[in-house]
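Let me begin by presenting the structure, written as structure tokens, before commenting on it.
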Amino acid sequence: ATLANISSDLPAPNIDQIIIKNFIGGKWYEPISNNFIDNKNPSTDAVICQIPDSGPADVDFATSEAKKAFPQWSALHPKERAKYMHKLADIIDANNEAMANFETMDQGKTLFMSRNVDIARTATNFRHFADYIESNLTEFTSQMSYPTANVSQDGKPVIGHALSYVQRSAVGVAGLISPWNLPLYLLSWKIAPCIAAGNTCVCKPSEFTSVTAMMLTKLIKQAGIPDGVVNIVFGLGQSTGNSIVTHKDIPLVSFTGGTITGKHIAAAAAPMFKHLSLELGGKNPGLIFDDCDLDLAIKTSVRSAFQNQGEICLCTSRLYVQRSIFDDFVAKYKRAVRDTVIVGDPTNPKTFYGPLVSKPHFEKVQSYVKHAQDAGYDVDFCVDQTVSPHIKAISASGALTVEHLENGYFMAPTVITNLQQDSRIVQEEIFGPVVSIMPFDTEEDAIRLANDTQYGLASTVWSRDQGRLRRVAGQIVSGLVWCNCWMVRDLNMPFGGFKASGVGTEGGKYSIDFFTKQQSITLG
Ligand code: NAD
């Protein structure tokens, strides 16, 4: 098939055409469990489709097909696997528009994000790991001289010569479980290194955002990836997800999601000695020093707090600002939010962010706002109806009524000040459009406050002093630190959280390390 007719295979967004079935061994199946759940459009609260809630029998079937495909797939030369992945990436690019539209309908993120981040970077993920595996085929070898057990005529040990090398091989069937905030992007961030390294997989996207994973199954088929290499089962965490984590023939699990779920998974997998990669929650600080480029710090920190409804694990949710500029910063920050963060229809190009992903999540975020109000903090819903005239009403807790989308889960960008470090607002992951701002005095204070949380995923530091940037960055306990920028990603750099933000790292070599077993072989 040519790319042109491949691209016409995917429909324009039309809810009648969304039929979600499990993809197992290259075919589509109704769930053996015969259970289904409703999937809603967060902009309208309307049911857009049903998804299977797969049970242990579905996961078992998918695992056996993945096992069957493993010997041939893992035996392919990496260059051959890379060819399939490049083809898939090209097909994804050709279908960007249709997939982006569905991602937005399913998740609520803006079409701009879906096109330029989620779907575009899904293709990039496949290309990145295809390139990586093509160009990293060789491994370390060492030559050694060593005394053997033999003794020469003059009584000295005979010297032997040995060659050691690392044999890196695929592990088997991997379980890949992903969340709803960057649905296809995060799923592909796991599938790509997994299959590049020669594994096969059983994947489960979030039950809230399954549509683009279903579309991916069609593209995988079109790319000619052998049946059974990628299997996708749909359903809830407790049923489908747990069946993957506890399946005896799945020796490694890569999971991205919440810290509490990560704890369950770690507890379930530990007695089975599974390899685990856990990318979990965050409560990311931004440290704003008084010598920074204030305009840039404000502009970027507005984006880092509110992009994608604040539903990115890397979003900044705690801003600490040096006291000498605190009042000025807060006033300018709020003004910038009012002027630029336009909330509404995610398909409108002017919209900065859309609805929250689901009703339960919307209610969770709202409960934090109510808590902040009850605690007497200053809670400011930064919406200016002259800038955003399509917003018809703002509730007491910041829920928005958006013209034509009255039932959507929209929330105002919320800035909270006058609160303490031990507040739940500062300590717990809210994962919505809510940011707190607090003052600090010295560099030491800033570092202490940044580290005073159970999480350690990402941070930002703003200063013109290069020495300070390096000093502070090196003392913040978080897997990623961005200085005078945010979300600048090099896919070869290690990505992962410290403390309750996770175990293990992903990206380039680090992902391939996880998805391979490394064996030392010595030839004496
Ligand atoms: P979640 O933990 O509720 O769900 C994530 C996935 O796990 C879903 O597919 C879900 O169905 C599944 N799941 C739930 N319970 C399970 C169980 N018992 N066994 C197996 N699977 C189970 O997370 P979410 O609400 O979908 O996503 C938001 C969270 O993800 C936030 O905490 C966010 O910080 C985190 N996140 C982290 C990163 C990162 O890279 N560190 C990236 C994105 C999101």
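The values are calculated or read from the model by the stated rules, or taken from the named source; none is laboratory data. Just so we're clear, the structure is a prediction, and the values are computed from it rather than from any experiment. Here Cβ is always computed from backbone atoms with ideal geometry, including for glycine, and neighbour counts include all displayed protein chains.
Below is a table of values for the structure above.
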{"read-out": "Residues of the range 70-104 that turn out to be buried (at least 24 other Cβ atoms within 10 Å of the Cβ) and more than 16 Å from residue 219 (Cα to Cα), as a count", "value": "1"}
{"read-out": "Complete set of residues in the range 339-368 that are in a helix (DSSP H, G or I) and surrounded by 19 or more Cβ atoms within 10 Å (Cβ to Cβ)", "value": "361, 362, 365, 366, 368"}
{"read-out": "Residues satisfying the stated conditions in the range 214-241, i.e. among the small types (Gly, Ala, Ser) and either over 16 Å from residue 24 (Cβ atoms) or within 12 Å of the ligand (Cβ to nearest atom) (or both)", "value": "223, 224, 235, 237, 239, 241"}
{"read-out": "Subset of the range 268-288 [buried (at least 23 other Cβ atoms within 10 Å of the Cβ) and hydrophobic (A, V, I, L, M, F, W, C)]", "value": "278, 280, 287, 288"}
{"read-out": "Flag for residue 211 being more than 18 Å from the chain's Cα centre (by Cα), under 22 Å from residue 25 (Cβ atoms) and surrounded by 14 or more Cβ atoms within 10 Å (Cβ to Cβ)", "value": "no"}
{"read-out": "Conditions (1) within 16 Å of residue 211 (Cβ to Cβ); (2) assigned to a helix (DSSP H, G or I); (3) at pLDDT 95 or above; number of the one not met by residue 43", "value": "(2)"}
{"read-out": "For residue 447: the one exception among (1) more than 16 Å from the ligand (Cβ to nearest atom); (2) touching an Asp or Glu at 6+ places or on another chain (Cβ under 7 Å)", "value": "(2)"}
{"read-out": "Cβ-Cβ under 6 Å pairs, at least 6 apart or on other chains, the range 197-218 side farther than 18 Å from residue 18 by Cβ, far side more than 14 Å from the ligand (Cβ to nearest atom) and hydroxyl-bearing (Ser, Thr, Tyr)", "value": "197/516; 198/74; 202/63"}
{"read-out": "Only listed residue being touching a helix residue (DSSP H, G or I) at 6+ places or on another chain (Cβ under 8 Å), surrounded by 13 or more Cβ atoms within 10 Å (Cβ to Cβ) and in a strand (DSSP E or B), chosen from 164, 169", "value": "169"}
{"read-out": "Unmet criterion (only one of (1) part of a loop (DSSP other than H, G, I, E, B); (2) away from the ligand (no atom under 14 Å from the Cβ); (3) of a type in the set (S, T, N, Q)) for residue 478", "value": "(2)"}
{"read-out": "Some residue of the range 425-435 being assigned to a strand (DSSP E or B) and closer than 27 Å to residue 325 by Cα", "value": "yes"}
